[in-house]
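Peer 1: First the structure, then my questions, so here it is.
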Amino acid sequence: MIFNEFIQTLKQGLAQPLPGEKFQLRMTSNRRIREMMNYDHTQEPIKSSVLILLFPGKANSKPTFVVTLRPTYEGIHSGQISLPGGRYEVIDETLMQTALRETSEEIGMDPEKVTIIGQLTELYIPPSNYLVQPFVGFTNGVPIFNAEPKEVKKIIEIPVKELLNNKNLVEKVITAGGFQFTAPAFSIDGTTIWGATAMILSEFKEILLKTGL
């Protein structure tokens, strides 16, 4: 399937009822479950959004998406793999604009070259108190990325077919926030994707499977 056909089929899949939380929870650790049980419901979540950015891969034009490796810093998500995105700001008219702006700031992607084709189920992240709205978009041609070093240590391109390969589903011992625990993860070419990013991609994977991609 050529890239344009892939996008059109995916767009149709995103227009159907979303798989939802059930498929996010497939990539949930016991630690997250404890965090949700202790969640302070009186605290207003911070609105944010992320983008699954699809594009033709460099080598064979197969659908590919991008994640980033965060730098090491004094913070909750230090050194983790993330989708481009971030916190809603007053300059943003919508959460979709937040995702596009943050993607531009983090990896240098021109927002005018991105077409949004749908969104996934929102996801609450207890450690940072973020309520994340994931969007799905694409750009034609192979992007030239430019990482913002304060926010991105490395840009990683992942073929969509690797997300669909169940051999890349693993259990990993994770060290984060001073704790060590076991969590389900995607392990792709040495990149370990766990936590909220894995939960978002788990729902995305189910949409791909349901639409026969």
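Peer 1: Among the aspartates and glutamates, select those whose C-alpha is under 18 Å from the C-alpha of Lys153, and discard any that sit fewer than 8 residues away in the same chain.
Peer 2: Glu74, Glu102, Glu105, Glu106, Asp189
Peer 1: Choose one answer from Gly178, Gly86, Gly20: the residue with the largest mean-square fluctuation in a GNM of the chain with alpha-carbon springs under 10 Å.
Peer 2: Gly178
Peer 1: Let me ask something else. Would you calculate the separation in nanometres between label points at Leu169 and Asn4, each defined as 7 Å from the Cα along the Cα-to-beta-carbon direction?
Peer 2: Placing both labels 7 Å beyond Cα along the Cβ direction yields 3.4 nm.
Peer 1: Taking amide H atoms as placed 1.01 Å from N in the peptide plane, list the residues 5 or more away in sequence, or in a different chain, whose amide H sits under 5 Å from that of Gln119.
Peer 2: Correct list: Val136.
Peer 1: Taking springs between alpha-carbon atoms closer than 10 angstrom, which of Glu112, Glu171, Glu203 fluctuates most in the Gaussian network model of the chain?
Peer 2: So, out of Glu112, Glu171, Glu203, the one fluctuating most is Glu112.
Peer 1: Okay, next question. Residue by residue, what Karplus-based ³J(HN,Hα) values in Hz, rounded to whole numbers, does the stretch 199-209 have, using 6.51, -1.76 and 1.60 with θ = phi - 60° and x for Gly and Pro?
Peer 2: These are the phi-based 3J(HN,Hα) values: 5, 5, 5, 5, 5, 4, 4, 5, 5, 4, 5 Hz.
Peer 1: Can you give the helix-only mean residue ellipticity at 222 nm for the chain, where every DSSP H stretch with n ≥ 4 adds -39500 (n - 2.57) and the sum goes over all residues, rounded to the nearest 500 deg cm²/dmol? The partial results should precede the final answer.
Peer 2: Values: 6 runs with 58 residues, N = 213.
Helices in the chain give a 222 nm mean residue ellipticity of -8000 deg cm²/dmol.
Peer 1: From the convex hull of the Cα coordinates of the stretch 51-184, what is the mean projected area in square nanometres?
Peer 2: Numbers: hull surface 36.1 nm².
So the Cα hull casts an average projection of 9.0 nm².
Peer 1: Among all the lysines, which ones have a C-alpha under 21 Å from Lys62's C-alpha, if same-chain residues fewer than 8 places away are not counted?
Peer 2: Output for Lys62: Lys11, Lys113, Lys161, Lys167, Lys205, Lys210.
Peer 1: Moving to a separate point now. To the nearest 0.05, how large is the calculated FRET efficiency for Gln43 and Glu112 if R₀ is 45 Å and r is the Cβ-Cβ distance?
Peer 2: 0.80
Peer 1: Moving to a separate point now. Give me, ordered by chain and number, the residues 5 or more places off Gln80 or on other chains with an amide H under 5 Å from its own placed amide H.
Peer 2: So Gln80 has HN proximity to Arg70.
Peer 1: Right, something else. In the Gaussian network model of the chain, springs joining C-alpha atoms below 10 Å, which of Ile125, Ile52, Ile107 carries the largest mean-square fluctuation?
Peer 2: Its mean-square fluctuation being the largest, the pick is Ile125.
Since every read-out is calculated from the coordinates, none of them should be taken as a lab result. All of these numbers come straight from a predicted model, not from anything done at the bench. Every residue, glycine as well, gets a Cβ built from its backbone with ideal geometry; the counts of neighbours run over all protein chains shown.
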